[in-house]
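Report on the following structure.
The values are calculated or read from the model by the stated rules, or taken from the named source; none is laboratory data. Computed from a prediction, not measured in an experiment: that's the story for all the values here. Cβ placement follows ideal geometry from the backbone for every residue including glycine, while neighbour counts extend to all protein chains displayed. Note: areas computed on protein heavy atoms with side chains; ligands, DNA, RNA excluded. Shrake-Rupley method; radii C 1.70, N 1.55, O 1.52, S 1.80 Å.
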Number of protein chains: 2
Amino acid sequence: MKDKAIFYHAGCPVCVDAERQLADALDRNRFDVESVHLGQEAGRIADAEAAGVKSVPAVVLAGQPFHINFGAALSDLK
Amino acid sequence: MKDKAIFYHAGCPVCVDAERQLADALDRNRFDVESVHLGQEAGRIADAEAAGVKSVPAVVLAGQPFHINFGAALSDLK
């Protein structure tokens, strides 16, 4: 069964770079990669917070949050 | 031809988590992944700096640096 990878972003330049390079580099044979734009899907912010995400871009791999560089704080997206 | 992915770390707990999860999640069919312990290979710190790495853990994907969470500043490893 594939693990879930959720890439959270907000459309910022730092986010776009991270998505094109890092999220895209994940092994699709092992991960179902979902990309969530928290600026457009504000209803998912609570999910991101519950997973420990503090800023975007970030990727949650099998439940564990990894913040990638820094684009925007989650609190600024509310 | 595969792109080069260099994962820089310093053996810190945050680094180990990032290596086990994120570096390990990269697609080996597309990336040659090298792991460099800057605490043990201080001679590579200049390479990391030249690639734009400011802190560890970080991964340089095809020349572009992505800082993953925060373990230690590069300046603290010198």
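Residue and whole-Å distance for the chain A Cβ lying nearest the axis of the A-onto-B rotation are A:Asp27, 2. Working from Cα pairs under 8 Å separated by at least six residues, relative contact order for chain B is 38 percent.
In whole percent, and with a 1.4 Å probe on the protein chains, what portion of the accessible area of chain B is carbon and sulfur?
Percent of accessible area from carbon and sulfur atoms in chain B: 48.
Length available on full extension from A:Asp3 to A:Arg28: 0.36 nm per residue minus the Cα-Cα distance, which gives 8.0 nm. For the range B:2-12, backbone phi angles converted through the Karplus equation (6.51, -1.76, 1.60; θ = phi - 60°) give residue-by-residue couplings of 7, 7, 9, 10, 10, 9, 9, 8, 9, x, 6 Hz, Gly and Pro being listed as x.
Compute the accessible area of each residue in the range B:2-33 twice, once for its chain alone and once with every protein chain present, using a 1.4 Å probe on heavy atoms, and list those whose area falls by at least 40 Å². When all protein chains are present, B:Gln21, B:Leu22, B:Ala25, B:Asp27, B:Arg30 each give up 40 Å² or more of accessible surface. Placing a label point 7 Å from Cα along the Cα-to-Cβ axis, A:Gly43 is separated from the same position in the other copies by 5.7 nm, shortest listed first. From the backbone phi of the range B:27-36, what are the Karplus-calculated ³J(HN,Hα) couplings (6.51 cos²θ - 1.76 cosθ + 1.60, θ = phi - 60°) in whole Hz, Gly and Pro given as x? Calculated HN-Hα couplings, in order: 6, 5, 6, 10, 10, 7, 9, 10, 10, 10 Hz. Label point of B:Met1 (7 Å along Cα→beta-carbon): distances to the other copies' equivalent points are 4.2 nm, sorted ascending. Karplus-derived 3J(HN,Hα) values for the range B:39-49, using 6.51 cos²θ - 1.76 cosθ + 1.60 with θ = phi - 60°, are x, 9, 10, 5, x, 8, 4, 4, 4, 4, 4 Hz; glycine and proline are entered as x. Output the pairs from A:Lys78/B:Lys78; A:Lys2/A:Lys78; B:Lys2/B:Lys78; A:Lys78/B:Lys4; B:Lys2/B:Lys54; A:Lys2/B:Lys78 with a Cα-Cα distance over 29 Å in this structure; if there are none, say none. From A:Lys78/B:Lys78; A:Lys2/A:Lys78; B:Lys2/B:Lys78; A:Lys78/B:Lys4; B:Lys2/B:Lys54; A:Lys2/B:Lys78, over 29 Å: A:Lys78/B:Lys78; A:Lys2/A:Lys78; B:Lys2/B:Lys78; A:Lys78/B:Lys4; A:Lys2/B:Lys78. Close amide H pairs (under 5 Å, H built 1.01 Å from N) link B:Ala72 with B:Val56, residues at least 5 positions away or on another chain.
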